[in-house]
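The values are calculated or read from the model by the stated rules, or taken from the named source; none is laboratory data. Every value quoted in this text rests on a predicted model; they were computed, and no experiment measured them. Backbone-built Cβ (ideal geometry, glycine too); neighbour counts: all protein chains shown.
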Amino acid sequence: MAYTRGGHHSLLDNEALLHNVHVYLAAQDLGTVTPLSLCQHINTVILPALEIEGTISEITARHWLKLRLRYECKETKKGIYIDGHERPDVIKERMEFLERLAHFEPYVVHTQFTR
């Protein structure tokens, strides 16, 4: 029987349970894992499949995700990508670049392609 620091036994010390948790987490879409969803999956799928009695709490799932599984809680914004290309400083820099580039226009060779 394995023990964690302080002499407390953890269900995550069970290699089969830990493996099933990793499989579940790997199958989830990025940004969709929550302590509640992990807790529900462990309690309704993993523990019964391994014939382990008992349940874990959402708080336990949160601790496992953060401390044992090294997941980080981050806010996700669906469907929005902002790269900052419309910020005032970026617009100013772009205009300055285009002005410098315009000085090279006389040196540009223009060709026409015909088909």
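For the stretch 64-107, which positions are among the aliphatic types (A, V, I, L, M) and modelled with pLDDT under 85?
I80, I82, V90
Among the residues of the stretch 19-37 satisfying the criterion of being surrounded by 11 or more Cβ atoms within 10 Å (Cβ to Cβ) and in a loop (DSSP other than H, G, I, E, B), which is modelled with the lowest pLDDT?
Checked the stretch 19-37; the qualifying residue modelled with the lowest pLDDT is G31.
Out of the residues in the stretch 38-59 that are among the polar types (S, T, N, Q) and within 16 Å of A27 (Cβ to Cβ), which is surrounded by the most Cβ atoms within 10 Å (Cβ to Cβ)?
Q40
Evaluate the following for R62: is it of a type in the set (K, R) and loosely packed, with under 10 Cβ neighbours inside 10 Å?
no
Give me the pairs: first residue in the stretch 33-59 and hydroxyl-bearing (S, T, Y), second residue surrounded by 11 or more Cβ atoms within 10 Å (Cβ to Cβ), beta-carbon distance under 6 Å, and six or more apart or on different chains, which are they?
T55/N43
Which members of the stretch 46-65 meet the condition of being assigned to a helix (DSSP H, G or I) and over 23 Å from the mean Cα position of the chain (by Cα)?
Result: L47, P48, A49.
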